[in-house]
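Data block below; observations after.
The values are calculated or read from the model by the stated rules, or taken from the named source; none is laboratory data. Keep in mind the model is a prediction, meaning the values are calculated, not measured. Heads up, the Cβs are rebuilt from the backbone with ideal geometry, glycines too, and the neighbour counts pull from every protein chain shown.
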Amino acid sequence: MAEQRQGYRGPWRRGPRRRVVGVGVAVASLPFLLSACGDDEASGAKPDLPTETPALWNPCDTLDAAFVQKQFGTDSTEHSGTATEPECRFAPKDPDSGDPAITINYQLFDGDLDQLWETMGQQDSADVRDPRIEGADAARIVVDARKRQLFVTGFVETGDLFQVVNVADPRPYDEDAVIAGVEATLTALAAQANEAGIGGQTEEAPSPTS
C-alpha cells in the first residue's frame, strides 16, 4: 500500500529550474567549437546547423491510444506534437463520452522529488501517496476527488528526469481504477527512461572491505 503524505497545490505544470542537457544539445554545439579553432579559410565551409534544438524527450514515445484504452477505458486520439515542440495528451474521441482525458509532460531538475516537492508549496488537505514504481527513483500521486470531477496527478523520477501524468475524469468516475491507471502509466514512463539510459535506480555501492 502506498504511503500517504500531505502537501500539494494543484496539477503540476512547470517545475522550478530547468537544466538543459542531452546529446542533442552537445552535438549541435560541436560545429561552433570546430569553426572557432582557425580562420574561415583554414576551417573550410561551415556546416549547416539546425535552426532549432531538437527536444530531448516525448513521453508519447512509449504510450499510445491502445495503452490508454486498456488502462483508463478511454477511446482517445493521441496528440504528440512535433520533434521540436513535443506534447503528449490523449483526448476522448467523443467529448461527451465522460471518458477521462490524460496529459503527460516532463521536466529536468537538479535534485530529488522531495526537493522538487518543496518548491510547489503545501496544502494540508491534499491526498498525497507514495506508490512503489518499478525502475523509478521515486514516485508520488495526488488525488483530488471533487463532486463533479476527479483529478489525479502522478510524478515519477528517474535521475534528473521528472515525468508527470495528469488525469481529469468527470463523474461518474472510478477513483481506484484511475489511480491504478496512473500507476501503470508511471511504470511505463520509468521503463522508457531507463531503456534510454536516463536516470533510474542505481545499484548501491559495495561497502569497502577492511
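Filtered by the rule that a residue be in a loop (DSSP other than H, G, I, E, B), farther than 15 Å from ALA139 by Cα and in contact with a strand residue (DSSP E or B) (Cβ under 6 Å, 6 or more places away or on another chain), region 72-122 gives THR74, LYS93, GLY98, ASP99, PRO100. The set of residues in region 140-178 being in contact (Cβ under 8 Å) with a residue 60 or more places away in the chain, part of a strand (DSSP E or B) and more than 25 Å from ASP114 (Cα to Cα) consists of ASP169, PRO170.
In the condition set (1) of a type in the set (A, V, I, L, M); (2) within 16 Å of the chain's Cα centre (by Cα); (3) outside any helix (DSSP H, G or I), ALA184 is compliant with all but (3). Going residue by residue through region 65-75, is there one that turns out to be under 24 Å from ILE198 (Cβ atoms) and at pLDDT below 95? Looking for residues that are under 24 Å from ILE198 (Cβ atoms) and at pLDDT below 95, one finds none in region 65-75, hence no. Scanning region 101-139 for residues that are free of Cβ contacts under 8 Å to residues at least 40 places away in the same chain and either crowded, with 16+ Cβ neighbours inside 10 Å or of a type in the set (Val, Ile, Thr) (or both) gives GLY111, ALA138.
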